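See below for the structure under consideration.
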Amino acid sequence: MGLQSALWVLAGYGAGSVPFGLIFSHLFSLGDIRSIGSGNIGATNVLRTGNKTAAILTLLTDALKGFLMVWISLKYTHSLFTSYGVGLAAIMGHIWPVWLGFRGGKGVATSLGVYLAWNPFLGIITLILWLGTTKIFRVSSLSALVAIGLSPLVAYGMWGMDFADVPLIVFTGLIAILNFYTHRDNLKRIIAGRESPIKL
């Protein structure tokens with residue numbers, strides 16, 4: 001990786017680590033979001049405060065920061081591979097933000113934004129899987145595990161139809177692994193039938 005690509009990846013991490021959930025929880029006088037629920041800074045935990053507007057804004061901005069960093073990197077570097085690194089770094093920045101002691105969110109919304117910028121078809125299919133699973137089961141973590149977990153298979157199918165390249169399959173695979181890691185406790189509760197539904 002060249003210096004320019006490394007700087008873009010670093011910028012991706014920096015943008016990804018902007019804690020919008022924490023920002024909106026303060027703007028809406030909801031207190032420190034890290035002190036309630038799961039303690040993370042994502043939209044699902046913001047929703048636990050009962051403020052749907054703050055939760056929606058968190059969801060949109062967390063997705064937007066991933067989308068914009070990948071889109072901008074593509075525009076200025078014209079390197080799809082660099083954009084893969086930038087997208088992965090943005091998701092990791094959201095999960096492990098340096099200025100919050102490496103305790104952030106679970107990276108789902110940011111992953112969706114990154115997917116939309118990498119490949120709109122992949123992003124739309126993943127979004128449909130996420131929304132569909134949410135509508136049926138009303139369990140946020142299950143929706144994330146299904147949508148992001150199936151994304152490498154979606155990318156593989158798209159590659160078979162010449163709509164994607166092999167690195168996309170690899171990077172969606174890495175993100176799926178990250179997603180299962182960040183949701184490991186949720187997965188245990190889902191298997192035990194103890195995972196709480198979200199209130200929409």
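The values are calculated or read from the model by the stated rules, or taken from the named source; none is laboratory data. In this text, all values refer to a predicted model and were calculated from it rather than measured experimentally. Don't worry about glycine lacking a Cβ; one is built from the backbone with ideal geometry, like all the others, and counts go over all protein chains shown.
Yes/no per residue for (1) on the phi > 0 side of the Ramachandran plot; (2) assigned to a helix (DSSP H, G or I); (3) touching a helix residue (DSSP H, G or I) at 6+ places or on another chain (Cβ under 7 Å):
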{"site": "Tyr115", "(1), (2), (3)": "no, yes, yes"}
{"site": "Leu127", "(1), (2), (3)": "no, yes, yes"}
{"site": "Leu142", "(1), (2), (3)": "no, yes, yes"}
{"site": "Ala147", "(1), (2), (3)": "no, yes, yes"}
{"site": "Leu150", "(1), (2), (3)": "no, yes, yes"}
{"site": "Val170", "(1), (2), (3)": "no, yes, no"}
{"site": "Ile177", "(1), (2), (3)": "no, yes, no"}
{"site": "Pro197", "(1), (2), (3)": "no, no, no"}
Checking Gly93, Gly85 in turn, the sole residue that is among the small types (Gly, Ala, Ser), in a helix (DSSP H, G or I) and surrounded by fewer than 24 Cβ atoms within 10 Å (Cβ to Cβ) turns out to be Gly85
Looking across segment 168-197 at residues that are over 18 Å from the mean Cα position of the chain (by Cα) and of a type in the set (Val, Ile, Thr), the single one that is farthest from Arg103 (Cα to Cα) is Ile191
Practice item. Assess whether Phe180 counts as being modelled with pLDDT of 95 or more and under 18 Å from Phe67 (Cα atoms). Key: no
Screening Leu153, Leu187, Leu174 for residues that are modelled with pLDDT of 95 or more, among the aliphatic types (A, V, I, L, M) and either buried (at least 18 other Cβ atoms within 10 Å of the Cβ) or within 19 Å of His94 (Cβ to Cβ) (or both) leaves only Leu174
Residue pairs within 8 Å by beta carbon, gap of at least six or interchain, first lying in segment 63-91 and at negative phi and aliphatic (A, V, I, L, M), second at pLDDT below 95 and part of a helix (DSSP H, G or I), listed first then second, are Leu74/Leu80
